[in-house]
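Here is the structure we will look at.
Derivation of every value follows stated rules applied to the coordinates shown; laboratory data play no part. Worth saying up front: this structure is predicted, and the values here are computed from it rather than measured. Heads up, the Cβs are rebuilt from the backbone with ideal geometry, glycines too, and the neighbour counts pull from every protein chain shown.
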Amino acid sequence: MPVVDIDTDELRGLTGRTDTSDEEFKEDLFGLGLEFEGETDDGLLQFEFAPDRLDRLSVEGVARSLRYHYGDDRGVYVPDTNDPEWTIEVDESVPDERPYVTGAVVRGVDLDEGALESLIQLQEKLHATMGRGRAKGAIGIHDLAMVKGAPLQEGAEPSITYRGVDPDGDTFVPLDSNDELTPNEVLDEHATGETYADLVEDLDRYPAIYDELGLFSFPPVINGKRTEVTTGSRELFVELTGTDQWTIDRMCNIICYALSARGATIEEVEVNYADGATHPSEYGAELVRPNFDTDEKAVGHDRIETLLGVDFEPEEVVDCFERAGLDASYTLDEDVTYEVEIPPYRVDVLHPLDLVDDVGRAYGFDNLEPRYPDVGTVGGRHERSRLEDAVRTSLVGLGFEDLLNFHMTSGTENYDRMNLGSGSDAFGGGDPVEITEPYSEEYTQLRTWATPSLLMLLERNTHNAYPQDVAEVGFAAERDETEDTNVAERRHVAGAVARRDASYEAAKGRLQALCDDFGAELETPRTEHPSFIDGRTAAVVIDGEEVGVIGEIHPAVLVEHDLEVPVAAFEFHLNALQ
Amino acid sequence: MRLPERQLAVLEAASATDERTIDEIAAETGLKPETVTGAAFDLRDEGLLSVVETAAETLGLTDEGRRYVDDDLPETRLYRAGLALGADEAAVSMGRVIGEADLDGPEVDIALSNFARKGLGSIDSGELRIAADADPDADREAAALAALADGDDPAVDDAVLDQLDSRGLVDRGESVTRSVTLTDDGVDALMTGVEATETVSELTPELLASGEWRDVEFSEYNVEADAPTAQGGRKHVLRRTADRVKDVLVGMGFQEMEGPHADSDFWINDCLFMPQDHPARTHWDRFALDVPPMEGIPDELMARVEAAHRDGWGIDGDGYHSPWSKDFAREVALRGHTTSLSMRYLSGIAGAELEPPQRYFSVEKVYRNDTLDPTHLLEFFQIEGWVMAEDLSVRDLMGTFEEFYRQFGITDIRFKPHYNPYTEPSFELFGEHPETGEEIEIGNSGVFREEVTGPLGVDCDVMAWGLALERLAMLTTGAEDIRDLHGTLADIEFLRDAEVSY
């Protein structure tokens, strides 16, 4: 879950609540769903919250939420914007994989250390969340004074260009470096470049931003040093590139709202997708950004009442909306419906239901009285679950310790250490369901049978007293393309007797008792299985169908598992006892 | 007359004229004193013997008292140390005297208070002076301790003994001496002749069949001795917790679900309105399986789910601005939650089309690529439950979960507003640990979004919740490392010793 780092002095300034203590803030923020997690080394308070309200990723956004919470602000707020002067030209050479760009100009900025840090934090946290690690959206913030955008022709506006660049072509000096590097050299030699290399390295042309002087930013990897933002910067150029116009527009809005909260003025920019561009945005080829248009959604009074289980007057509902930073109007018809206006920094309102949640939060879910629903249904367990349970009860009665082992294992454990090959006809030798790109050598596939798990457990418990009689009723799976999921999932019954006098007879005696419990007829015709001793191995045939194997475990398998006592074991399909 | 062998021995050793003590009889017969006592009381009950009890006070040294016999009383040591440092001439600092006397810990306080009480000297402003006329050799407390140590009568008045008792140096107790004499009946019995009954060690089928058991005496066991612990099998502690959960839910009217562990991403995530670029759907969090994609997903359902993702659901619905592909939806992976089962049941594909009201649950395994630690495993059990009905409210959700957790002794549930992609409103559930009182997260809940229920063809409300079974089990068993319980690393002794819960 996202974490926001808060300087409470900044919070006091931005909320105007100079007398509020840290403890009071913590409590108020908990009410908003931000949970205090601890302090950073610099003494900032860290709060964790669910990833819906990404507009709260900065102290400015948290302050805005608090002002609504305190009732100091009500309803939708949209900052004023000035008309555009700058244009972002989108060149045809832009990589197809990252076609979209947006931006804003911000003037009258006064950044102290804290505000600059907060801006950088917001940028990084938006990258991590909405930006999906910069893949979906990446933010570049530049000192406008250092961007040179002389109009190409008389009377035109100043512009920068979003385009593609040959990886080994133009050079620039990236942040945290003094060297002129090509984009490829950035990926190879620069620490930040190495981190984000996988986002671009497969592209023919890399994304790049140019001004009159040339390449100055290499999104989504790194900005150039020339336009670096410092506490001395007074005017900023914000640009965002990505794979989805809506996403980068909303990220841009959240940044602009944060800067506006510190008194800066937002100035629009034009975004001009080239004529005949393969990927103009879904909103047209010529855009004016940031887009502070509000959204509207309608939600019925009735729905709010039934979902929250509370009777409301319409005025109360409107009050809740306004305290949530929304505006709402309604007409008093037979069915009251609210037209709700949603500010452009909200990224989490996908459905009218989300507005009911906002009403609930503003009303206070704590104020709802729990009630047990007056709904009658009949309960019961699934047949397979009852069968599993009955078999476990029988096994336990026969003295077996009931086990619960992992379903994931490795080919080594499942086959090799059992003396068994995969794809063989022997029980347990079926084709494995393998994990694509496993993370650990210990878990590379689903187990095809449970006996290897029992032996692993015995191996782990050689220091404990014998006898160790263990059993499991559990899951096993094989690759099977006749199944809907291409995986055949089964429940197996497996038992092992580990003791000085463990013998075929000991295992069969117990299996016979188990079959008797379920009125099943057991036969044990002789068979061969590489995990068991020849001549002491039989197929488990229940009610005429071959469903498993029983025998004394082969000494080679015992020694492989560091066992110094004989082990007799059986395993078969649970369904045979149905 | 027949008597058990040991009773006969005691009867023969007793006298009609002299009182004989239990110890004397034990010495004569070679029986243990407790055996003689038992036999004597049995004989008294038969009217053959009379038993007289005499109580006497006993006096002994405590460990501390015994130590002072060897080392001298602390106050005496303080006196002698003071003498050695010339405190009879001029006052000496306390620190030096205590050091010289080698006193430490509580002995210092003991020495100081008794030093003053016995007039061995005076202490003023941290300096110690010895009284000229003091004579620790004439200390009656020390003399009494020494006498007791030698087993002699201390020969002092009660005041001194009371003082020693209050200092915890002597133990005062009471002992009972039992003496026996033959009664007239006892004498008669001996005169007419008494035979010993036979003693056997085992009750055999033959003894039972012949009726000879009536005439034999069974040899005594040491019934207090340890016996080797019997070993039986038992159900796995997690299974037992799961059974308890199932009992509770069935009692609340829930039906159990089942379904595939390996399932398509469609059922695992897409139906849950999880965007395909959601961080939890990346390679690192899930276990994708190397099998062909799943083809058997109904086309219409797939189209409705895709529409919800792309364009939203309902008139005012918005979709995600995320890529969506059928290919990804058809990929097969191990389920990261059992909500995939809920999706299958709600869609009707798992069985009949469901009409409200319905309640369903499962307690089944899920798979997540987490870091293994004492509270996290790659495989664990999820308790999943949902209620489908017309016009369910958040209050119904709260009431249902309060009732569920109350069954496990967890009360005062708190509902913290939360966010899930698939429910709205959503709540994290917090409760108090029944023993430590600590506030812990015990579940996640909410009302399924219309983007979830709509495409599945459900047009009423469904509220759902989930939590890890292991979390509940750790609360009820006190296990601190989940790896002791679950998997092939389990310790068989731990499983055998885990306390039964019910």
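Here the Karplus curve 6.51 cos²θ - 1.76 cosθ + 1.60, taken at θ = phi - 60°, turns the phi angles of segment A:231-247 into couplings of 5, x, 5, 10, 9, 10, 10, 9, 10, 10, 10, x, 9, 8, 4, 4, 4 Hz, with x standing for Gly and Pro.
Remark: the protein assembly as shown carries a charge dipole of roughly 1640 debye about the Cα centre, counting +1 on each Lys and Arg Cβ and -1 on each Asp and Glu Cβ.
Once you sort the root eigenvalues of the Cα gyration tensor of segment A:219-304 as a ≥ b ≥ c, which label holds: rounded (a/c under 1.5), prolate (a/b larger than b/c) or oblate (the other case)? The shape class here is oblate. Taking the centroid of alpha carbons for each part, segment B:404-440 and segment A:403-450 are 38 Å apart.
Working ranking of peptides B:56-69, B:401-414 by packing, defined as the average number of other Cβ atoms within 10 Å per residue, highest first, is B:401-414, B:56-69. For the peptide B:391-403, the mean number of other protein chain Cβ atoms found within 10 angstrom of a residue's Cβ is 6. Basic side chains Lys and Arg get +1 at the Cβ, acidic Asp and Glu get -1 at the Cβ, and with that the dipole of segment A:295-365 about its Cα centre reaches some 360 debye. Cross-link reach is defined here as a Cα-Cα straight distance under 17 Å, omitting same-chain residues fewer than 8 places apart; for A:LYS225 the lysines meeting it are A:LYS148. Look at the dipole of segment A:268-374 built from charges on Cβ: of A:GLY284, A:CYS320, A:THR337, the Cα furthest out on the positive end belongs to A:GLY284. Look at the stretch B:417-429: the mean tally of other chain Cβ atoms within 10 Å of its residues' Cβ atoms is 5. Remark: B:CYS460, A:CYS256 ranked as B:CYS460, A:CYS256, counting other beta-carbon atoms within 10 Å and listing the fewest first. Taking every alpha-carbon pair under 8 Å whose residues sit at least 6 apart, chain A reaches a relative contact order of 12 percent.
Packing here is the average count of other Cβ atoms within 10 Å per residue, and on that basis the peptides B:45-51, B:273-279, highest first, run B:273-279, B:45-51. Taking all Cα pairs closer than 8 Å and separated by 6 or more residues, the relative contact order of segment B:115-241 comes to 10 percent. Other protein chain C-beta atoms within 10 Å of residue C-beta, averaged over A:435-447: 4.
The H on the amide N of B:GLU364, modeled in the peptide plane, is under 5 Å from the matching H of B:GLN382, B:GLU384, each at least 5 residues off or on a different chain. As a rough footprinting exposure proxy, the listed residues B:GLU300, B:GLU441 were ranked by other beta carbons within 10 Å of their own, and the order from fewest upward is B:GLU300, B:GLU441. Over 26 Å apart at the Cα level, from the set B:LYS235/B:LYS365; A:LYS508/B:LYS246; A:LYS136/B:LYS416; A:LYS125/B:LYS365; B:LYS246/B:LYS365; A:LYS136/B:LYS326, are A:LYS508/B:LYS246; A:LYS136/B:LYS416; A:LYS125/B:LYS365.
Counting only aspartates and glutamates at least 8 places from B:LYS32 when in the same chain, those with an alpha carbon closer than 13 Å to its own are B:ASP23, B:GLU24, B:GLU220. A simple spin-label model places pseudo-atoms 7 Å from Cα toward Cβ; at B:ALA209 and A:ASP188 they are separated by 9.8 nm. Sorted from longest to shortest, the spans of the Cα atoms of segment B:131-199 along the three principal axes equal 79, 27, 20 Å. Close amide H contacts of A:GLY103 (hydrogens built in the peptide plane, cut-off under 5 Å, sequence separation of 5 or more or a different chain): A:LEU240. Rounded to the nearest 5, the antiparallel percentage of DSSP beta bridges internal to the protein assembly as shown is 90%. I need the Debye-formula profile for segment A:383-577: one equal scatterer per C-alpha, no solvent, reported as log10 I(q)/I(0) at q = 0.16 1/Å, two decimals. The computed values of log10 I(q)/I(0) come out as -1.00. In terms of the mean number of neighbouring beta-carbon atoms within 10 Å, the peptides A:445-452, B:231-238, A:308-315, A:354-361 order highest first as A:445-452, A:354-361, B:231-238, A:308-315.
Taking a temperature of 20 °C and a viscosity of 1.002 mPa s, what whole-number D in µm²/s does Stokes-Einstein yield for segment B:416-455 with Rh from Kirkwood over alpha carbon pairs? D, rounded to a whole number, is 191 µm²/s. Cα-Cα pairs above 47 Å in the protein assembly as shown: how many percent? The answer is 54 percent, as a whole percent. Only Cα pairs under 8 Å and 6+ residues apart enter the sum, and on that basis the relative contact order of chain B stands at 13 percent. Label chain B by shape, choosing from rounded, prolate and oblate, from the square roots a ≥ b ≥ c of the eigenvalues of the Cα gyration tensor; if a/c is under 1.5 it is rounded, and otherwise prolate applies when a/b is larger than b/c, oblate when it is not. Verdict is oblate for chain B.
Antiparallel beta bridges, as assigned by DSSP with both residues in chain A, represent about 90 percent of the total such bridges.
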